[in-house]
């Protein structure tokens, strides 16, 4: 756990990046949308061409889940992410073939007054397309702990 980070290792402004980019594949976009967001502009390329999006568009929820998956698999912390709240925006459309990159920035840290060694922090997660345009952002509050608290729990 020496190489992992805890709340006492970071400050507001701490930023980390996903290890890899992610290409939005048409078949994955459609498969997700058919199951969870079956709107025509997400599942039918022909109808999508006449839609607001002028083409097949990824479900914002799919884009968010791809970004969230990277936040979980690539985070540098020594504890699992337990979310307390989140808000999501989709400022730009994601199309098949877009290649997304991701970064995550700590915007606030609040240590608990009642639970020593524990606290929460806010993370601004951002997904960018290949042109550097923000396509999805999520601000989430995540529960966390200090290294000393984490290590004290290993003995139990």
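Residue 46 passes every criterion in (1) at pLDDT below 95; (2) in a helix (DSSP H, G or I); (3) within 19 Å of residue 130 (Cα to Cα) apart from (3).
Condition check ((1) under 30 Å from residue 82 (Cβ atoms); (2) in a helix (DSSP H, G or I); (3) in contact with a strand residue (DSSP E or B) (Cβ under 7 Å, 6 or more places away or on another chain); (4) in contact (Cβ under 8 Å) with a residue 60 or more places away in the chain) across all residues:
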| position | (1), (2), (3), (4) |
| --- | --- |
| 16 | yes, no, yes, yes |
| 20 | yes, no, no, no |
| 29 | yes, yes, no, yes |
| 33 | yes, yes, no, no |
| 38 | no, no, no, no |
| 41 | no, yes, no, no |
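Residues that are crowded, with 18+ Cβ neighbours inside 10 Å and either in contact (Cβ under 8 Å) with a residue 60 or more places away in the chain or touching a helix residue (DSSP H, G or I) at 6+ places or on another chain (Cβ under 6 Å) (or both) within region 62-77 comprise 62, 63, 64, 66, 67, 68, 77, listed in sequence order. Residue count for region 98-125 satisfying the condition of being in contact (Cβ under 8 Å) with a residue 40 or more places away in the chain and within 30 Å of residue 24 (Cβ to Cβ): 13.
Okay, residues lined up against (1) over 30 Å from residue 115 (Cα atoms); (2) touching a helix residue (DSSP H, G or I) at 6+ places or on another chain (Cβ under 9 Å); (3) surrounded by fewer than 19 Cβ atoms within 10 Å (Cβ to Cβ):
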{"residue": "3", "(1), (2), (3)": "no, no, yes"}
{"residue": "27", "(1), (2), (3)": "yes, no, yes"}
{"residue": "44", "(1), (2), (3)": "yes, yes, yes"}
{"residue": "47", "(1), (2), (3)": "yes, yes, yes"}
{"residue": "54", "(1), (2), (3)": "yes, yes, yes"}
{"residue": "81", "(1), (2), (3)": "no, yes, yes"}
{"residue": "87", "(1), (2), (3)": "no, no, yes"}
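The values are calculated or read from the model by the stated rules, or taken from the named source; none is laboratory data. The model shown is predicted, which means the values in this text are computed figures rather than measured ones. Backbone-built Cβ (ideal geometry, glycine too); neighbour counts: all protein chains shown.
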